[in-house]
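Asks: Have a look at this one before I ask anything.
The values are calculated or read from the model by the stated rules, or taken from the named source; none is laboratory data. Quick caveat, the model's predicted, so the values are computed rather than measured. Glycine also receives a Cβ, built like all others from the backbone with ideal geometry; neighbour counts cover every protein chain displayed.
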């Protein structure tokens, strides 16, 4: 068994900076062999940061290399399927940025290609790997909150895409703020609060940014457990109280991450005792470092990734149900 994952980075745009930080911090576990981008200067800059010796302008140059075990695909969403299928055919394990693809059909093709080739497929839902979210999941699974009955999750950001950028092309992105950022938050709602039964959604395009699709969304969810969920996601926030946050109410406790992870244990026969801080390991990577660690360990030790293709497909199906609910102005079954 190899002691390191030999990786190629395909796509060296903005999100690559976060991935590169994770790679650099895990130099004992991951070795960046090659970088690839249509803009050679960007590929060279990424290679220099993480010590890669090979710089390419086409992923077709990367895939045949015997010194590459896996690829990290950081491309516009509409290219995920094409490159993943090609990578699987070349015998490369795949870490692909979220979402898995713009359509269910493409997602299923990616999953089938990787299964047929016997390679790992992991989708970059990095927020599951962030320490506060992993700790929240552990507390929920241990029953610290009792039975959850209500969860809210927020995303507040200012987005102004450069002219001609794919981020502002709904066909390439898959929509607007929900496809771009809400997919992370909806994935967390699924993971923390259980599968979703029905959704209702309301979209708005404020005109405050140059986003042509929805830049503001409110989503209401009914989980299969009977718990309710809400997501508020906005790309038109100049100044907000927080960037991202969540809070969960259970019949035995409350958990939130405003100013750190905080837990209050409650009981029907005892008065509330207030919130206590939950200690967490330091991680300023937003989950990207632990995501990369998880991917490397799954490949090296033949484990199934937490955010595998099937999990990502379920989140995509939820995202698409949200779009149908907003467009058709009705409650939609997931």
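Asks: Which numbered condition trips up residue 302, out of (1) surrounded by fewer than 14 Cβ atoms within 10 Å (Cβ to Cβ); (2) in the same structural domain as residue 93 (by TED's automatic domain parsing); (3) at negative phi?
Replies: (3)
Asks: Can you give me the number of residues within segment 295-312 that are assigned to a helix (DSSP H, G or I) and touching a helix residue (DSSP H, G or I) at 6+ places or on another chain (Cβ under 6 Å)?
Replies: Total meeting the criteria: 1.
Asks: For residues in segment 186-220 being without any contact (Cβ under 8 Å) to a residue 40 or more places away in the chain and assigned to a strand (DSSP E or B), which is surrounded by the most Cβ atoms within 10 Å (Cβ to Cβ)?
Replies: 216
Asks: Tell me the helices (runs of 4 or more DSSP H) entirely within segment 31-139 that contain at least 3 residues that are at pLDDT 95 or above and either assigned by TED's automatic domain parsing to the domain that holds residue 245 or within 20 Å of residue 305 (Cβ to Cβ) (or both). Spell out how you get there, then give the answer.
Replies: Values: elements: 40-50, 59-62, 80-89, 104-117.
Qualifying helices (runs of 4 or more DSSP H): 80-89, 104-117.
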